[in-house]
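Notes for the one structure printed next.
The values are calculated or read from the model by the stated rules, or taken from the named source; none is laboratory data. Bear in mind the structure is a predicted one, so any value in this text is a computation, not a measurement. Cβ sites come from the backbone with ideal geometry, for glycine too, and all protein chains shown count toward neighbours.
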């Protein structure tokens, strides 16, 4: 799950970069999108590394009772025990005096001894008086201790809450927006006026409604359209998206009419030209009749279904300045599958780059082609390359984990 989310975010980042290089989006829009994606990547990495430790700490904290609770229990419980003892002692002495005639001689002798001491000013009644005094002293110590702890806690938070005038002024001033990306409203295009200042405010304009048809293969494991759809919704907030499977009659007609050779394919109606952001996006579109199709390069189309299928074939396209990391990852995959995978490495020349961009919309390297039809790209760890292969063709070796670095 983590690798899939990471790959999806990295694919979105690459899409933004390609859109910038193709002048589809402005540099400001690229930086905003890049900042958003990098923030999500950081959150994803933190959630993977820190969550287990935080849970353990919370469990330990929940198991350990606080010192103040134990102290309060001791304060409440101890005096009750001592008071019971005080009440029980006198009753035993009184009972002994009242039942003198019925008790044996040994008991009478025991009761006679305190009678001899009646003349003395100190009696047995003073013993229960001394015990509560000691208990009261102990309880006072506990109360003083608790009071000191409470005062220390109050002082700690009071000092912590003290802030310099400069810090309080910084917190008080929060601009309404710092960039266009801060201005979000459903169905509207937001623009940040006077960004980052006290006069900053969001200006919203309602965008035109347009329709987008996504033709895709529901059985294709590498044909994820979610990233492209997210970007389209950000650029055209009032777009209505409808997906159809490429095996339906409607899809076959569209494939034939628009000469579609890769999936997913994205087809806008003519209303897209009236959208506020159309001019910023039109370089990623090709006009076909009254409709507009997103190019394979801009959309990241993965499934070139018109090419002949070659099972268990893996092609790697590299520039002359090859990347050692990707080659070591590929070698680990080849060591796993051995002769079950037919692998070919292509070092691409300048002339071949033009042909590959036209045929397979490859404009970033390294890029992979699986079974002569399915394209994926990037400097990927060995385990991710293995998962791409296993999503299409299953082998027993797919159960083994490879390196994720």
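Which numbered condition in (1) outside the structural domain of residue 392 (by TED's automatic domain parsing); (2) crowded, with 20+ Cβ neighbours inside 10 Å is the only one that residue 326 fails?
(1)
Here is a list: 321, 327, 354. Which entry is in a loop (DSSP other than H, G, I, E, B) and either modelled with pLDDT under 95 or in contact with a strand residue (DSSP E or B) (Cβ under 9 Å, 6 or more places away or on another chain) (or both)? Reasoning before the result, please.
Working: 327 fails: in a loop (DSSP other than H, G, I, E, B); 354 fails: in a loop (DSSP other than H, G, I, E, B).
On inspection, the qualifying residue turns out to be 321.
Is one or more of the residues making up segment 245-265 part of a strand (DSSP E or B), in contact with a strand residue (DSSP E or B) (Cβ under 6 Å, 6 or more places away or on another chain) and within 24 Å of residue 16 (Cα to Cα)? Outline the logic, then answer.
First, the residues of segment 245-265 that are part of a strand (DSSP E or B): 245, 263, 265.
Those left that are additionally in contact with a strand residue (DSSP E or B) (Cβ under 6 Å, 6 or more places away or on another chain): 263, 265.
Then keep just the ones that are within 24 Å of residue 16 (Cα to Cα); that gives 263, 265.
Within segment 245-265, one or more residues are part of a strand (DSSP E or B), in contact with a strand residue (DSSP E or B) (Cβ under 6 Å, 6 or more places away or on another chain) and within 24 Å of residue 16 (Cα to Cα).
Counting only residues that are under 29 Å from the mean Cα position of the chain (by Cα) and assigned to a strand (DSSP E or B), how many does segment 369-380 have?
Of all residues in segment 369-380, those under 29 Å from the mean Cα position of the chain (by Cα) come to 375-380.
Add one more test, that the residue is assigned to a strand (DSSP E or B), and what stays is 375-377.
Number satisfying all stated conditions: 3.
Residues in segment 15-33 that are in a helix (DSSP H, G or I) and surrounded by fewer than 16 Cβ atoms within 10 Å (Cβ to Cβ): how many? Please lay out each step first, then the result.
First, pick out the residues of segment 15-33 that are in a helix (DSSP H, G or I): 15-21, 27-33.
Within this subset, residues satisfying the condition of being surrounded by fewer than 16 Cβ atoms within 10 Å (Cβ to Cβ) are 17, 21, 27-28, 31.
Qualifying residue count, segment 15-33: 5.
Looking at (1) modelled with pLDDT under 75; (2) assigned to a strand (DSSP E or B), which is the only condition residue 171 fails?
Evaluating residue 171 over (1) modelled with pLDDT under 75; (2) assigned to a strand (DSSP E or B) leaves (2) as the failure.
Quick check on residue 288: is it without any contact (Cβ under 8 Å) to a residue 12 or more places away in the chain and either under 26 Å from residue 20 (Cβ atoms) or buried (at least 19 other Cβ atoms within 10 Å of the Cβ) (or both)? Spell out the reasoning first.
Working: without any contact (Cβ under 8 Å) to a residue 12 or more places away in the chain: no; either under 26 Å from residue 20 (Cβ atoms) or buried (at least 19 other Cβ atoms within 10 Å of the Cβ) (or both): yes.
Spelling it out, it is not the case that residue 288 is without any contact (Cβ under 8 Å) to a residue 12 or more places away in the chain and either under 26 Å from residue 20 (Cβ atoms) or buried (at least 19 other Cβ atoms within 10 Å of the Cβ) (or both).
Can you tell me how many residues within segment 181-195 are surrounded by 13 or more Cβ atoms within 10 Å (Cβ to Cβ) and in a loop (DSSP other than H, G, I, E, B)? Explain how you work it out, then say what you get.
To start, the set of residues in segment 181-195 that are surrounded by 13 or more Cβ atoms within 10 Å (Cβ to Cβ) comprises 181-184, 188-193, 195.
Now drop any that are not in a loop (DSSP other than H, G, I, E, B), which leaves 183-184, 195.
Counting residues in segment 181-195 that are surrounded by 13 or more Cβ atoms within 10 Å (Cβ to Cβ) and in a loop (DSSP other than H, G, I, E, B) gives 3.
For segment 266-280, name all the residues that are surrounded by 13 or more Cβ atoms within 10 Å (Cβ to Cβ), in contact with a strand residue (DSSP E or B) (Cβ under 9 Å, 6 or more places away or on another chain) and over 13 Å from residue 216 (Cα atoms).
Let us first name the residues in segment 266-280 that are surrounded by 13 or more Cβ atoms within 10 Å (Cβ to Cβ), namely 266-273, 275-278, 280.
Next cut, in contact with a strand residue (DSSP E or B) (Cβ under 9 Å, 6 or more places away or on another chain) only: 266-273, 275-278.
Passing the criteria: 268, 269, 270, 271, 272, 273, 275, 276, 277, 278.
Table: residues versus (1) surrounded by 15 or more Cβ atoms within 10 Å (Cβ to Cβ); (2) on the phi > 0 side of the Ramachandran plot.
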| position | (1), (2) |
| --- | --- |
| 312 | yes, yes |
| 321 | no, no |
| 334 | yes, no |
| 365 | yes, no |
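On the basis of being free of Cβ contacts under 8 Å to residues at least 24 places away in the same chain and within 33 Å of the chain's Cα centre (by Cα), does residue 221 make the cut?
On the way: free of Cβ contacts under 8 Å to residues at least 24 places away in the same chain: no; within 33 Å of the chain's Cα centre (by Cα): yes.
So residue 221 fails the test.
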